[in-house]
Amino acid sequence: MNYKTGPDAKYPRLRPAPFYCPVPSAKKRPLLGLPATVAVMYLIVSGGPYGLEAALASAGLRITLVLCLLAPFLLSAPVALMAAELTALIPVEGGFYFWVKEAFGPFLGFTEAYLTILYTAVDMAIYPTLFAAYLSFLIPLGAPLKLLVELGVIWLAGLLNIAGVRPAGRASLALALAVMAPFLALAVVGPWHPTSLRAMLSLSGSTPIWAQGGLGDHLSALSAALSVVIWNFCGWENLSVAAAELEQPRRNYLRAVLIVIPLVWAGYLIPLVITAATHSDYSRWATGSFAELGYQVGGWWLGKAIAAGGAVSSFAVFAASLLWVSRLPFVLAFEGYLPRSLARLWAPAQTPSKAIIVCCAVFSCLVPLGFVSLVLLDVLFYMTALALEMGALIRLRTLQPARGGLFHIGGGRGVLYLTAAAPLLVWLLTLGLALTAGANGREFILALVLAGAAAPIYWLCRRVYGGPPPPRPQP
């Protein structure tokens, strides 16, 4: 595969990769500019502080604040820099699938995509449900209407993505601004709330988890809070799956992560600090509590704005995530693991319309089942996929030592290993806490069975659809 294509052609030629990438070049396809790339990445990773209510309810303010302060250094920055380095090296449609495939071969490349599909299918089903939940703060919704709204979110996002990557990118930019606006208003109004300065300095409303219950309760609370926080700081590599649809991906992916990391961090810390000024009892916090915070600090207009922002955030995150999620079956179809029809592009917009429709149909089937938090499945699948990506980061330093001026993480092998190890240790801690806190043993066994099914599914897909093309001979 020759990676010297498109707008990055001025970079020196890299040696051909051992695996041929059959996905079409983005030369004739619409591309996302840097502002839209930033917006899509922000929505994929964060979409605002909505969801942190569960961490506050589990562990209180102090623990949630500490976790949010540490997460960018231990989780976000290492994964984001890994993604920026490997996207600079291999800026192709398929992203992390091809990173792992080139480093370790077709089977582990397929395993990477398979594990990603497993945890993504469950996670994507929550956003239409959250949209309806936040909308119900504004408009009363009965069960039938709620289901129609959830299905409408899925298919509206699907139509937006079918219309093209540029319309999806422009919509993401507008939606990201709409999500941020209520919390910017909260940041302006919040410090003027009575007694806010004293409360912010003392965090008097925060109750440490060790002040109540025994060790088991503490571990359970910490596990729940950690799971929520790390899920709100992960996903930096996901947009790489659509790297060939970004303008100058070798440069702009790095630029995007450097912009988005502080945006995400501030987007969580500011509401938490304002929360410290106004609340003392977090045990009753749940979805929508930030809207109540808005009512208390700024009146009905800010409460309504935050509730509306929650609905907008849920739709925006789903639509932005669908942009990259739909590219996985598209790429796997090109690679000979799924029906070839999924690899067809809709000519007017150059989008994988059939892959998008299939994804929307699957999510439509999952939504009526309701969202069940399967922490162990998500943690185990994502942790294994991330381990493969970090392994690819280290392995490709050996296979592709000459980078010709492309971005790579500096500091030598020691920094490289630390970058790979830090987020994996965080995920191992999360898994250990979930198991220690008495997580469902059957859930853990199910996770192992599903992960182990990668081998027979790989063999079956190759046998039915032909599998990927053979490696190209090295010159």
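Where a number appears in this text, it was derived from the coordinates with a stated rule and is not lab data. Keep in mind the model is a prediction, meaning the values are calculated, not measured. Positions of Cβ are backbone-derived with ideal geometry, glycine not excepted, and every protein chain shown enters the neighbour counts.
Brief remarks follow.
- Inverse of mean 1/r across different Cα pairs in region 392-461, Kirkwood, Å: 15.6 Å
- Alpha-carbon Debye profile of region 32-465, log10 I(q)/I(0) at 0.06, 0.08, 0.10, 0.12 Å⁻¹: -0.24, -0.43, -0.69, -1.02
- Cα-based shape type of region 318-449, given that a ≥ b ≥ c are square roots of the gyration tensor eigenvalues and the cut on a/c is 1.5: oblate
- Spatial separation of Cα centroids for region 114-191 and region 406-463, in angstrom: 28 Å
- Here the Karplus curve 6.51 cos²θ - 1.76 cosθ + 1.60, taken at θ = phi - 60°, turns the phi angles of region 221-234 into couplings of 5, 5, 4, 5, 5, 5, 4, 5, 5, 5, 5, 7, 10, 10 Hz, with x standing for Gly and Pro.
- Cα gyration tensor category, rounded, prolate or oblate, for region 237-329 with a/c compared to 1.5: prolate
- Relative packing of 386-399, 415-428, 121-134, which averages over residues the other C-beta atoms within 10 Å, highest first: 121-134, 386-399, 415-428
- Annotation: amide H-H contacts under 5 Å for LEU141 (H modelled 1.01 Å from N, sequence separation of 5 or more, or interchain): none.
- For THR351, nonlocal amide neighbours, meaning residues 5 or more places apart or on other chains whose placed amide H falls under 5 Å from its own, are TRP346.
- Under-5 Å amide H pairs with ALA242, H placed in peptide plane, nonlocal only: GLY94
- Listed by chain and number, the aspartates and glutamates whose C-alpha is less than 19 Å from the C-alpha of LYS354, apart from same-chain residues fewer than 8 away, are GLU93, GLU245, GLU335.
- Available extension along the chain between LEU428 and ALA455 is 7.4 nm, counting 0.36 nm per residue and deducting the alpha carbon span.
- Each peptide in 263-272, 319-328, 56-65 was scored by the mean count of other Cβ atoms within 10 Å over its residues; highest first, the order is 319-328, 56-65, 263-272.
- Positive-end ranking of TYR253, PRO271, GLY294 along the dipole of region 245-343, with charges on Cβ about the Cα centre, is headed by TYR253.
- Extension gain for LEU156 to ILE139 (0.36 nm times residue separation, less C-alpha to C-alpha distance): 4.2 nm.
- Highest-first packing order for the peptide set 244-252, 85-93 is 85-93, 244-252, based on the mean count of other beta carbon atoms within 10 Å.
- From phi via Karplus (6.51, -1.76, 1.60), per-residue ³J(HN,Hα) for region 153-159 in Hz, x at Gly/Pro: 4, 4, 7, 5, 5, x, 5
- Sequentially through region 39-56, phi angles give Karplus couplings (6.51, -1.76, 1.60; θ = phi - 60°) of 5, 5, 5, 4, 5, 5, 7, 10, x, x, x, 4, x, 5, 4, 5, 5, 5 Hz, Gly and Pro residues having no value and appearing as x.
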